[in-house]
Amino acid sequence: MPLDRRTMLSAGLGAGLAAAAAKAGPRSEGETSRLAAMAQPTPAELGLEPGARHDQSAALQAAIDEAANRGAPLVLPPGRYRASKLMLRPGSRIIAAARTTTLEFSGGGSFLSCEGADGVVLEGLALDGAYKMLDAAQADALLSLSKCRGLTLRGLSAARSVANGISLQACSGSLVDCTVTGAMQAGVRSLDAAGLEILNNEVADCANNGIQVWRTQAGEDATLIANNRIVRIRADGGGSGQNGNGVNVFRAGSVLVTGNRIADCAYSAVRGNAASDIQICANSCTRLGEVALYAEFGFQGALIANNLVDEAATGISVTNFNDGGRLAVVQGNLLRNLFRREQEPQDKRGVGISVEADTAVTGNVIEVAPTAGLVIGWGAYVREVVATGNLIRKARVGILVSADAAERGCLLASNMISGSADGGIRTMDAGGRPTGPDLALNSSGSTRLSVVGNLAV
């Protein structure tokens, strides 16, 4: 019996991949390649011409629709195919072998998208946006998915987008082992996630943010962002920190950011804004233009632990008590080679850790901080800070604490301070300038500011 496209979709794909699709657990890239080879139709059987310069959207959409209707995976053959406005269906499964299948955007309102399509699986597919315009009313990324549950996006690549690389709105599922490069907004954007994992991806050379997890209203999000590599993130959109971050979390509560390697970002490695109960743990962060790890504005609860930061204007900042930012643990971090931005008229920094309210700062190591190792409070914005067991080396001042701490409560105990030219522990005025004697050598004379058992050498 001669093979046509309908026969291949209904018989070859179903028989060749049904058993594998039923297997529990994720497939490796090698397994995906082998499965694809078992039932890979030829381009002619799908009505496709590899490398052709004309648009092949109609043939691709027909194949997507027919495979979804039959509940069969669509295995795309190697080659480059120009297309636009492709729509995924509920249960669509598109498999390509090790990114040898490239869909190149031919222009139009959208590229590859869907809304309300649960159970979508995409594996091994390469998307090339060719920097052609998208219609923001239709799509904000090369791959733009909305209100989709149970997504599996594995081994994809997305490159050269004029907007975001991959955008997920109100989605659940996983984005794993993908590569996103050259996006003119964020590499990966999530809005109002419903249970999302972003794992083991590479994001590079994006204009504004690497991985962006936002919510339209503050609330629990619980996205897991783990073991990603994020490098060279610019801040082309400007602003004071909403752009230029490796990971940007806004209004999204209970997000875990762990085990990521983040380098060469214009602003922060991880920036949590109004992100309550955020956990920033065990990340490796290098060469950041502003604060490496940030919890700011209107959050309650932040755990920042066991991170390594090398080269940043500030290592860790827990701030904006004036806007309700409070309650944190900063523990076991290694921060080194902080620098001052002398070209900035005001915000020069050069600080290891800066905190304001209801925070424990314990067991951190800070080395080389040209302004101060630890800054506690800012003007009147300071309350109930405990700093114990920290090692601070080669800071201009070991610890600076707001003079208003005498009214708000602060405990500095058992810290080791070495090589601080302008004092081990000093109060500061509202402009951040050191004032008064070295409290590491003299009592504070206040019942609300306790300085006990510190050693300055």
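The values are calculated or read from the model by the stated rules, or taken from the named source; none is laboratory data. As the structure is a computational prediction, the values presented were derived from the model and not from experiment. FYI the Cβ positions are ideal-geometry reconstructions off the backbone, even for glycines, and counts take in every protein chain you see.
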- Task: Mind listing whichever residues of the range 57-92 are under 30 Å from residue 149 (Cβ atoms), not small (Gly, Ala, Ser) and not in a helix (DSSP H, G or I)?
- Result: 73, 74, 75, 76, 77, 81, 85, 86, 87, 88, 89, 90
- Message: I'm trying to understand the selection: among the residues of the range 121-147, which are outside any loop (DSSP other than H, G, I, E, B) and either over 19 Å from the mean Cα position of the chain (by Cα) or surrounded by fewer than 22 Cβ atoms within 10 Å (Cβ to Cβ) (or both)?
- Response: 121, 122, 123, 125, 126, 127, 128, 146
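Can you name every residue in the range 264-289 that is among the aliphatic types (A, V, I, L, M), under 12 Å from the mean Cα position of the chain (by Cα) and either assigned to a strand (DSSP E or B) or under 13 Å from residue 224 (Cα atoms) (or both)?
Across the range 264-289, the qualifying residues are 270, 280.
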- Message: Going residue by residue through the range 33-56, is there one that turns out to be farther than 17 Å from residue 96 by Cβ, surrounded by 17 or more Cβ atoms within 10 Å (Cβ to Cβ) and either modelled with pLDDT of 95 or more or among the hydrophobic types (A, V, I, L, M, F, W, C) (or both)?
- Response: yes
- Message: Is it the case, given these coordinates, that residue 183 is over 20 Å from residue 279 (Cα atoms), of a type outside the set (Phe, Trp, Tyr) and either buried (at least 18 other Cβ atoms within 10 Å of the Cβ) or at pLDDT 95 or above (or both)?
- Response: yes
- Query: Which ranges mark the strands (runs of 3 or more DSSP E) fully within the range 148-235 that have 3 or more residues being under 21 Å from residue 136 (Cβ atoms)?
  - Reply: 164-169, 186-191, 209-220
- Message: Could you check the range 330-361 and list, in sequence order, the residues that are on the phi < 0 side of the Ramachandran plot, within 24 Å of the chain's Cα centre (by Cα) and surrounded by fewer than 23 Cβ atoms within 10 Å (Cβ to Cβ)?
- Response: 331, 334, 336, 339
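Rundown of residues vs (1) touching an Asp or Glu at 6+ places or on another chain (Cβ under 9 Å); (2) surrounded by fewer than 24 Cβ atoms within 10 Å (Cβ to Cβ); (3) closer than 15 Å to residue 164 by Cβ, yes/no style:
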residue: 217; (1), (2), (3): yes, yes, no
residue: 225; (1), (2), (3): yes, no, no
residue: 230; (1), (2), (3): yes, no, yes
residue: 238; (1), (2), (3): no, yes, no
residue: 241; (1), (2), (3): yes, yes, no
residue: 248; (1), (2), (3): no, no, yes
residue: 255; (1), (2), (3): yes, no, no
residue: 260; (1), (2), (3): no, no, no
